[in-house]
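*Asks:* Handing you this structure, nothing more for now.
The values are calculated or read from the model by the stated rules, or taken from the named source; none is laboratory data. Since the structure is predicted, the reported quantities are computational estimates derived from the model, not experimental observations. Ideal geometry is used to build each Cβ from the backbone, glycine not excepted, and the neighbour counts take in all protein chains shown.
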Amino acid sequence: MSTAPSLTLRGVEIYQHFLDRAAQQALVDDLRAVQRAAPLFSPETRFGQKMSVQMTSAGKYGWFSDRRGYRYERRHPSGVDWPPIPESVLAIWRAVTGLDRLPDCCLVNFYREGARMGLHQDRDEADFGYPVLSVSLGDDGLFRIGNETRGGKTESIWLQSGDVAVMGGAARLLHHGVDRIRPGSSTLLAQGGRINLTCRVVD
Ligand SMILES: O=C(O)CCC(=O)C(=O)O
Ligand SMILES: [Mn+2]
């Protein structure tokens, strides 16, 4: 593990190949347990459209969306508590951010072929002083980074399995999204696809 980003794009710090194959595999195993406790679901946007990404969460809060809007919920839609954030994920947070404060939510996004995530800001949290940390596993994902305001020029980078990205400081509120994944680009996930973990301090 290194603690300096290998590249910075618009202030987003990207640690390429941060996790070796064994660490990626261990994370996938831990996430399987998370998904058993809190199965993946397909939320609706506040406009009533089903999102192409499936998700679940671990931690004190889970991120949720439906026609009432975007928000954090204390429980999975089934009514069960979200499972705790795996130690393997917290270890990445500690190593990269150096913070004592741990994330309240680890959102797990699963992208099958054709899934995408439109440009958005992460702004459902109370304190934007804390960074957002994201981990990529499985197939490559084309990550687009824009500006704090909507519109304008954007830049993209293919995030690969084992890459970690941090949006903090001046980059905390940049618009970002995933245009598409590259199916078959990784052998990590037996069923293919891409997993993204997004860790955030919520309260
Ligand atoms: O999948 C990604 O890399 C980004 C996910 C994301 O931006 C989010 O869940 O808010
Ligand atoms: Mn986001």
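*Asks:* Return the pairs, sorted by first residue and then second, in which the second residue is β-branched (Val, Ile, Thr) and modelled with pLDDT of 95 or more, the first residue lies in region 44-55 and is part of a loop (DSSP other than H, G, I, E, B) and within 16 Å of ligand 2 (Cβ to nearest atom), the beta carbons are less than 9 Å apart, and the residues are 6+ apart or on different chains.
*Replies:* Here the result reads Val53/Val178, each pair linking region 44-55 to a residue that is β-branched (Val, Ile, Thr) and modelled with pLDDT of 95 or more.
*Asks:* Considering only residues that are within 12 Å of ligand 2 (Cβ to nearest atom), crowded, with 17+ Cβ neighbours inside 10 Å and more than 19 Å from Arg32 (Cβ to Cβ), which ones fall in region 106-120?
*Replies:* So in region 106-120, the residues within 12 Å of ligand 2 (Cβ to nearest atom) come out as 107, 109, 117-120.
This time we only want the ones that are crowded, with 17+ Cβ neighbours inside 10 Å, so: 107, 109, 117, 119.
The answer is Met117, Leu119.
*Asks:* Residue by residue through region 134-183, note down the ones that are within 13 Å of ligand 2 (Cβ to nearest atom) and of a type in the set (Phe, Trp, Tyr).
*Replies:* Phe143 - this is the single residue of region 134-183 that is within 13 Å of ligand 2 (Cβ to nearest atom) and of a type in the set (Phe, Trp, Tyr).
*Asks:* Of all residues in region 57-67, count the ones that are more than 12 Å from ligand 1 (Cβ to nearest atom), under 15 Å from Trp82 (Cβ atoms) and either surrounded by fewer than 17 Cβ atoms within 10 Å (Cβ to Cβ) or hydroxyl-bearing (Ser, Thr, Tyr) (or both).
*Replies:* Final tally of qualifying residues: 1.
*Asks:* Yes or no: Arg67 farther than 26 Å from Leu19 by Cα, in contact (Cβ under 8 Å) with a residue 12 or more places away in the chain and of a type outside the set (A, V, I, L, M)? If you could, list the steps in order and put the result at the bottom.
*Replies:* Working: farther than 26 Å from Leu19 by Cα: yes; in contact (Cβ under 8 Å) with a residue 12 or more places away in the chain: yes; of a type outside the set (A, V, I, L, M): yes.
Considered against the rule, which asks whether it is farther than 26 Å from Leu19 by Cα, in contact (Cβ under 8 Å) with a residue 12 or more places away in the chain and of a type outside the set (A, V, I, L, M), Arg67 comes out as yes.
*Asks:* Do we have any residue at all in region 68-86 that's crowded, with 18+ Cβ neighbours inside 10 Å and within 16 Å of ligand 2 (Cβ to nearest atom)?
*Replies:* First, the residues of region 68-86 that are crowded, with 18+ Cβ neighbours inside 10 Å: 72, 76, 82-83, 85-86.
Then drop every residue that is not within 16 Å of ligand 2 (Cβ to nearest atom), which leaves 72.
Yes, region 68-86 has at least one match.
*Asks:* So which of Asp203, Asp179 ends up being among the acidic types (Asp, Glu) and within 13 Å of ligand 1 (Cβ to nearest atom)?
*Replies:* Numbers: Asp203 fails: within 13 Å of ligand 1 (Cβ to nearest atom).
So the residue among Asp203, Asp179 that is among the acidic types (Asp, Glu) and within 13 Å of ligand 1 (Cβ to nearest atom) is Asp179.
*Asks:* Turning to a different aspect of this structure: Of everything in region 159-201, what is charged (D, E, K, R) and in a loop (DSSP other than H, G, I, E, B)? Give them in sequence order. Break it down into steps so the answer makes sense when it comes.
*Replies:* Step one: filter region 159-201 for residues charged (D, E, K, R), giving 163, 172, 179-180, 182, 194, 200.
Asp163, Arg172, listed by residue number.
*Asks:* As an exercise: evaluate Arg123 against (1) surrounded by fewer than 16 Cβ atoms within 10 Å (Cβ to Cβ); (2) more than 13 Å from ligand 2 (Cβ to nearest atom) and give the number of the one condition it does not meet.
*Replies:* Going through the list (1) surrounded by fewer than 16 Cβ atoms within 10 Å (Cβ to Cβ); (2) more than 13 Å from ligand 2 (Cβ to nearest atom), Arg123 breaks only (2).
*Asks:* Looking only at region 8-43, filter to residues that are without any contact (Cβ under 8 Å) to a residue 60 or more places away in the chain and aliphatic (A, V, I, L, M); which one of those is nearest to Leu107 (Cα to Cα)?
*Replies:* Here is the first cut: in region 8-43, the residues without any contact (Cβ under 8 Å) to a residue 60 or more places away in the chain are 8, 22, 29-30, 32-33, 36-39, 41-43.
Subsequent filtering for residues that are aliphatic (A, V, I, L, M) retains 22, 33, 37-38.
Values: Ala22: 22, Ala33: 14, Ala37: 14, Ala38: 11 Å.
Looking at residues that are without any contact (Cβ under 8 Å) to a residue 60 or more places away in the chain and aliphatic (A, V, I, L, M), I get Ala38.
*Asks:* Residues being hydrophobic (A, V, I, L, M, F, W, C), assigned to a loop (DSSP other than H, G, I, E, B) and within 11 Å of ligand 1 (Cβ to nearest atom): count how many of those fall in region 113-158.
*Replies:* Of all residues in region 113-158, those hydrophobic (A, V, I, L, M, F, W, C) come to 115, 117, 119, 126, 128, 132-133, 135, 137, 142-143, 145, 157-158.
Now drop any that are not assigned to a loop (DSSP other than H, G, I, E, B), which leaves 115, 126, 128.
Checking which are within 11 Å of ligand 1 (Cβ to nearest atom) leaves us with 115.
Residues in region 113-158 being hydrophobic (A, V, I, L, M, F, W, C), assigned to a loop (DSSP other than H, G, I, E, B) and within 11 Å of ligand 1 (Cβ to nearest atom): 1 in total.
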